[in-house]
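> Could you have a look at this structure, given as structure tokens, before my questions?
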There are 2 protein chains.
Amino acid sequence: MTDALKKYLVTFFPENKTITAVEGETILKAAERADIYVNSICGGEGTCGKCRVIVRSGEVQKHASSLLSEKEIKNGYVLSCMTKILSDLVVEVPPESSSLQSAEGKEETSNRFSSLSDWDFNKTGFTLDPLIRKVRLHLPSPTLEDNQDDLSRLLNAIRRETGLSGITTPISILRELPNLSRDSNWDLSVTLAELGGSWEIIRIQPEESSKGNFGIAVDIGTTTVVAHLINLETGLTLDAAATYNSQITFGEDVIKRIIRSEEDGLKPLVQAIVQDINDLIGKLCLESNLTPDDINAVICAGNTTMLAIFLGITPRNIRREPYIPPLSDPPPIPAVQVGLKINDNGILYCVPGIAGWVGGDITAGIIAARIDRSPAVSLLIDIGTNGEIVVGNQEWQLTCSCSAGPAFEGSGIACGCRAVAGAIDKVDITDDGTINYRSIGGDPPIGICGSGLLDTVSEIFRAGILGRDGRFDLTRKEKRLIEFDDQPAYIIAFAAETAEGRDIFITQGDIDNLIRAKAAVYAGISVLLKAIEIGEKDIEQVYVSGGFGNYINIDRAICIGLLPDIDRKKILFIGNGSVRGAKTMLLSREARKLARDIASSTTYFELSTDNNFMDEYTRAMFLPHTDIENFPSCGGKEVPKV
Amino acid sequence: MTDALKKYLVTFFPENKTITAVEGETILKAAERADIYVNSICGGEGTCGKCRVIVRSGEVQKHASSLLSEKEIKNGYVLSCMTKILSDLVVEVPPESSSLQSAEGKEETSNRFSSLSDWDFNKTGFTLDPLIRKVRLHLPSPTLEDNQDDLSRLLNAIRRETGLSGITTPISILRELPNLSRDSNWDLSVTLAELGGSWEIIRIQPEESSKGNFGIAVDIGTTTVVAHLINLETGLTLDAAATYNSQITFGEDVIKRIIRSEEDGLKPLVQAIVQDINDLIGKLCLESNLTPDDINAVICAGNTTMLAIFLGITPRNIRREPYIPPLSDPPPIPAVQVGLKINDNGILYCVPGIAGWVGGDITAGIIAARIDRSPAVSLLIDIGTNGEIVVGNQEWQLTCSCSAGPAFEGSGIACGCRAVAGAIDKVDITDDGTINYRSIGGDPPIGICGSGLLDTVSEIFRAGILGRDGRFDLTRKEKRLIEFDDQPAYIIAFAAETAEGRDIFITQGDIDNLIRAKAAVYAGISVLLKAIEIGEKDIEQVYVSGGFGNYINIDRAICIGLLPDIDRKKILFIGNGSVRGAKTMLLSREARKLARDIASSTTYFELSTDNNFMDEYTRAMFLPHTDIENFPSCGGKEVPKV
């Protein structure tokens, strides 16, 4: 960028925000600088088609793309990543390109990743004993006879009240104490954080101005980031919020992001996730009439790579043999040191992980499912961008990980979107072939989310539109069966019905993605069960975790071969097990201790070097499976000759 | 030092000690490495002339200096700091260059605030067990079978090597570990800091680039700041440096600085002392070929107010009834949080204090004097801007504080200066009235330092120029007796003799200052002894601490009434007890623990509310004292009628 380059004003709508851009800069880059969020999962390479915007006025240098229809091109749609600015512009970012779509409190809206109503700390089996404690104290005023120093006076009062000793005090508190204690007439509220065996004072306040004790639990997913606001004195979840992980622009899966971090440095990825979490914290606080400073602690669960990047630690060795993570059990860290904007002395806790490819999100899931409490063998299936499977009981746990891709989260598919208002989340095909769909909030549809995708595939398979090999039956004459980008596609909602006036459809590629994902998960389950030599019927309970999980139809999930065909009553959706387990640990020191024990004792089963897995995976690439007899309740169809 | 440099053998006499030196190294540096003490006060700049040695044989590269006479040059004398080694050498260190200052106060040495030669950690009675440990590790390389994460690998190796567990790791180390461990082929040097019961990793380095383990002990005096550089692996003091406390511009005593901090805020005072300490650290490192980053820890002793200000904590309540300090036993603090420029993860330790007016410098003095080891009752007198007195034995300690003012440190007096080159430090008046003075280094005089002031007062009193009431005898006709600033003054060095061409004199005000100071100290001693109902003769040992203390003439200190008139053999100068005790604590965890026990168990005796003290003080305002019979060895003169 030199002075010689011409500069133009680019105005983005609906934000009505104007930024100066230089000639030749892409619209996507300008949007990033303007803090306007535009979807992108291919890293700006013009291949994902998610970053489409509408140029309302001005001159641009376009780039041909098969990802835009003729009609769209006529209407001014461009791929923002491939379109260069040649004059002042007015650009509109359509809703489907902006993930910042509010939930507006409708039923089944943005909080599909974080449903609150069905979680109750009191049912976890743990006692409320949070990592952060708040103590109310009245200290005796000093006199010539009782002339101990301010710090000793405080520490002695805490010891009398709580029995705790060996408490550490950061310098900012030492600096506040003399004036604050006298100004408050020695009526103090003291907040203490557990730092692995010892406690630290993280806040002192005049008792009268003390607000309560709040924490945030975060699940850092590869695709989705979820945060819950928790009252640490009651154990209640006050609110929840979710967003796509902004790192998506650096690559849609973990491996791509590791590579990107090696090429361009870790910093942009770190900044992206830190900003996401700070945004969620800010949003949660705003809605609960708190400020981020009121938050005393954040607990994070996530896969090993996501957590390492968030901490600013290189994940490079995770993808290199012998696949060593930089750390499994991060110590408590001053939140300010990772850029979190909460109480200046607030603490970041991380849920300990199990291996390079099975992170703290799964440890948290185990805690959420309480697999450890029963002698019976249970199965935990976490469905996200990676699928992780745990089989175990109170004595032992065995786990593995398989790459599912972001399809279940509505990402990486042609008309995919997050489960926000307007997302098609349910599809039925009646016997006469009529398609009924439901969009979240009843809004004109904007795309298909993960559960909608699963429903669609299941239904068009059942209706015979898809074969058992997952291919469209192209012999059918249907107006919904079209061609898009040189591949067959099937329209769910016609342009006239949709928010953007564009058809919403599912492509052969989308179906392939979903089948690969479900095959990977099912193969992982099969391998683990074989390793311990038990059958599907011996499983006492199946816990399905993942934001997506709560909203799928069990029968349909079984009938596409994602879940084993067992008694439906044994299958329990536990929602986002990662964030639930993390919350439990923030509220119970015992749970956190248990999590550390489980993380260090769980056995990791490496699938990538296991021949069985490839066999199982190949056999699972059919609908529902090559071995149709494994799915007796799914009607059964013969395996096609392939 | 590279392999290309030639190496030579240098033998020092009279020690008959041989060391290998590289070509071009100075004789002074070689002597230092050989632990041969050679005076030097200019920091090796060829300006003080104290470091002369005699080259008996061999070739050197000389440097012309006006500090050597022709005869000396002919006899082989060189300035060791400016003379480079060009062959094997035999060097003799003449007595005047190796004045190993003993407690009897024979000769002045280089670093009057910090003489190094007479302190030996091995004589402290503690075992070398420093607060900072450096561990060399070879970690097993990870494999598919041994696939623990990097952090666990490191912590397990540390545990195997040291037995230590529960070690904490700051995030900067977590971020360094993955690349650094692989780049160094898993040969690591790990530096650990004790944080009150647990240990923290404060540095990881490739073993090959590891330099050693260094710390700094600092005595923050109201007037003078002293720092010693210590090798924590050997216990040896490598160098020492001193400077005036820059806070002097905000007020010469503690009370004035507290008031100033309340009026104008704490920040300017904090910045002043932090800068002083950073300057001293920088200077010490430069001279020892280290960088401040090589310093792993700083330990600070100082009075309660100085330490609070240094930590950025308001000392305001120390001067208000009930005189409560903000803290007595500061926890270990990340050095960066107080602005110290050392290892980014380095630790600041503080010596625990006893009360608002008896700080960690006195706790350190008790550790330096080892009062705690004997059943006999000893006295510790610390002479600085405040005079603190401790009386005690292995069972108990009692302490008090009295304001002496900065006169003993050469500050706050008309022609005062610190004990640097050119300071008049010794004054004699012959029987015929001739005045002989000595200036440090033999330089043209620039002013009078503390010991020079004491000498002057003692001598002009003995010569009858001052009366027992401390007033000049104005009836004397003397050209040296002048008037300055409306008060009588007495010239020590005439303008023609001085560096600045201005008379150097002592005023009535200076004398009043000194008398108030010595009266306060003596009164404090008297009150404590009365409180425990013992007499001066029952004292087994008197330890005199304070940079100043080492250089005074005991007889004269007694004859002006500063010290009790007891057997001179019982009086031991321990130099700067504060920095010595602090060093001991940095080198011995046991010493630090003992210091904390002593600090919390020592009884503080408040003089300001004690009527006895005012009586004693008033009686001590004469030379040597109102009760002349208390000073039988001082010749005795009648108390003048006042």
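> Quick one: buried accessible area between B and A, total over both chains, 1.4 angstrom probe, nearest 100 Å²?
2900
> Oh, and also: Of the options A:GLN487, A:SER451, A:TYR522, report the single residue whose Cα projects farthest towards the positive end of the charge dipole of the stretch A:405-561 (beta-carbon charges: Lys, Arg +1; Asp, Glu -1).
It is A:TYR522.
> Assuming R0 = 45 Å, can you tell me the calculated FRET efficiency for the pair B:HIS138 and A:GLN337, based on Cβ-Cβ distance, to the nearest 0.05?
Given R0 = 45 Å and the Cβ-Cβ separation, E is 0.90.
> Also: Going by Cα centres, the stretch A:185-256 and the stretch A:317-390 are how many Å apart?
16
> Quick one: Karplus J couplings for the stretch B:503-513, per residue in order, coefficients 6.51, -1.76, 1.60, θ = phi - 60°, nearest Hz, x for Gly and Pro?
4, 10, 9, 10, 9, 4, x, 4, 5, 4, 4
> Work out the length of the dipole vector of the stretch A:117-159 about its Cα centre, built from +1 on the beta-carbon of each Lys and Arg and -1 on the beta-carbon of each Asp and Glu, and round it to the nearest 20 debye.
That gives the stretch A:117-159 a dipole magnitude of about 120 debye.
> Express in Å², to the nearest 10, the accessible area of B:LEU607 obtained by rolling a 1.4 Å probe over the protein heavy atoms while all chains stay in place.
10
> Give the accessible surface of the stretch A:347-497 per residue, rounded to a whole number of Å², with probe radius 1.4 Å and ligands, DNA and RNA excluded.
Heavy-atom SASA per residue in the stretch A:347-497 reads 30 Å².
> What is the distance in Å between the Cα centroid of the stretch A:541-599 and that of the stretch A:482-513?
32
> Which values, in whole Å and largest first, are the semi-axes of the equivalent ellipsoid of chain B obtained as the square root of 5 times each eigenvalue of the Cα gyration tensor?
44, 33, 21
> For chain B, build the charge dipole from Cβ charges (+1 Lys, Arg; -1 Asp, Glu) around the Cα centre, then report which of B:GLN61, B:ASN386, B:ILE552 sits farthest towards its positive end.
Result: B:GLN61.
> Leaving out ligands and nucleic acids, and using a 1.4 Å probe, what accessible area per residue does the stretch B:569-642 come to in Å²?
Heavy-atom SASA per residue in the stretch B:569-642 reads 48 Å².
> With θ set to phi - 60°, apply the Karplus curve 6.51 cos²θ - 1.76 cosθ + 1.60 along the stretch A:169-179 and write out the HN-Hα couplings as whole Hz, x wherever there is a Gly or Pro.
For the stretch A:169-179, the Karplus curve yields 9, x, 5, 5, 6, 4, 6, 7, 4, x, 6 Hz.
> Quick check: net charge around A:SER57, other residues with Cβ under 11 Å of its Cβ, Lys/Arg +1 and Asp/Glu -1?
Its environment carries a net charge of -2.
> Once you order the gyration tensor axes a ≥ b ≥ c over the Cα atoms, which shape class does the stretch A:133-255 get: rounded for a/c under 1.5, otherwise prolate or oblate by comparing a/b with b/c?
Here the stretch A:133-255 falls in the prolate category.
> Hey, another quick one. How big is the charge dipole of the stretch A:213-302 about its Cα centre, in debye rounded to the nearest 20, if each Lys and Arg gets +1 on its Cβ and each Asp and Glu gets -1 on its Cβ?
In debye, rounded to 20, the stretch A:213-302 gives about 160.
> Using a 10 Å cut-off around each Cβ of peptide A:308-320, what is the average number of partner chain Cβ atoms that fall inside?
3
> Near the amide H of B:ALA414, under 5 Å away, which other amide H atoms are found, from residues 5 or more places off or on another chain, if H is placed in the peptide plane?
HN-HN under 5 Å from B:ALA414: B:THR507, B:ASP510.
> Which of the GluC sites (Glu not before Pro) found in the stretch B:370-468 are in a DSSP loop and have at most 15 neighbouring Cβ atoms, other than their own, within 10 Å?
Answer by residue number: B:GLU395.
> Counting only protein heavy atoms and using a 1.4 Å probe, what share of the accessible area of the stretch B:511-615 belongs to carbon plus sulfur, as a whole percent?
46
> Over all pairs of distinct alpha carbons, what does the Kirkwood formula give as the hydrodynamic radius of the stretch B:417-464, in Å?
Roughly 10.5 Å, rounded to one decimal.
> Please name which of A:MET614, B:VAL190, A:ILE273 has its Cα lying farthest along the dipole of the protein assembly as shown towards the positive end, using unit charges on Cβ (Lys, Arg +1; Asp, Glu -1) and the Cα centre as origin.
Comparing the listed Cα positions along the dipole, A:MET614 ranks first.
> Which angle between 0 and 90 degrees, to the nearest 10, do you get for helix A:577-587 versus the longest principal axis of chain A when only C-alpha atoms count?
10
> Just check the stretch A:563-608 against the gyration tensor rule for me: Cα atoms, a ≥ b ≥ c as the square roots of the eigenvalues, rounded for a/c under 1.5, and otherwise prolate or oblate depending on whether a/b exceeds b/c.
oblate
> Ignore the peptide's own chain and count Cβ atoms of other chains within 10 Å of each Cβ in A:167-179; give me the average, rounded.
5
> Percent relative contact order of the stretch B:155-259, based on C-alpha pairs within less than 8 angstrom and at least six residues apart?
For the stretch B:155-259, the relative contact order is 17 percent.
> Need one value for B:148-157: mean number of C-beta atoms belonging to other chains within 10 Å of its residues' C-beta atoms.
4
> Amide H to amide H, which residues 5 or more places from A:LEU9 or on other chains are under 5 Å from it, using H placed in the peptide plane?
Hits under the 5 Å cutoff: A:ALA21, A:ASP88, A:LEU89.
> Just want to confirm a number: the relative contact order over the stretch B:216-354, from Cα pairs under 8 angstrom separated by 6+ residues, in percent.
24
> Moving on. Please report the relative contact order for chain B, taking Cα pairs under 8 Å with a sequence separation of at least 6, and give it as a percent rounded to a whole number.
Worked out over chain B, it gives 12 percent.
> Calculate the dipole size of the stretch A:416-496 relative to its Cα centre from +1 charges on Lys and Arg beta carbons and -1 charges on Asp and Glu beta carbons; express the result in debye to the nearest 20.
It comes to approximately 40 debye.
> Around B:SER328, which amide H atoms from residues at least 5 apart in sequence, or from another chain, sit under 5 Å from its own amide H, with H modelled in the peptide plane?
HN-HN under 5 Å from B:SER328: A:LEU151, A:SER152.
> Limiting things to C-alpha atoms, what are the Rg and the maximum Cα-Cα separation (Dmax) for the stretch A:253-295, in angstroms?
14.4, 42
> Net charge around B:ALA241, counting only other residues with Cβ within less than 11 Å of its Cβ (Lys, Arg = +1; Asp, Glu = -1)?
Surrounding charge for B:ALA241 is -3.
> Right, next: Taking a ≥ b ≥ c as the square roots of the eigenvalues of the Cα gyration tensor of the stretch A:320-415, is the shape rounded (a/c under 1.5), prolate (a/b larger than b/c) or oblate?
Because a/c hits 1.5 or more and a/b fails to exceed b/c, the stretch A:320-415 counts as oblate.
> Right, here's the next one. Show me the GluC sites (Glu not before Pro) within the stretch A:480-539 that DSSP assigns to loop and that have at most 11 other Cβ atoms within 10 Å of their Cβ.
The qualifying sites are A:GLU533.
> Let me ask something else. Have a look at the stretch A:318-375 and give its Rg and Dmax from the Cα atoms, expressed in angstrom.
Answer for the stretch A:318-375, Rg first and Dmax second: 14.6, 44 Å.
> So if each residue of separation counts as 0.36 nm, and I subtract the Cα-Cα distance between B:THR243 and B:SER165, what length gain in nm does that give?
24.0 nm
The values are calculated or read from the model by the stated rules, or taken from the named source; none is laboratory data. All of these numbers come straight from a predicted model, not from anything done at the bench. All Cβ positions, glycine included, derive from the backbone under ideal geometry; neighbour counts span all protein chains shown. What goes into the accessible areas is simple: the full protein's heavy atoms, side chains included, and nothing from ligands, DNA or RNA. Shrake-Rupley method; radii C 1.70, N 1.55, O 1.52, S 1.80 Å.
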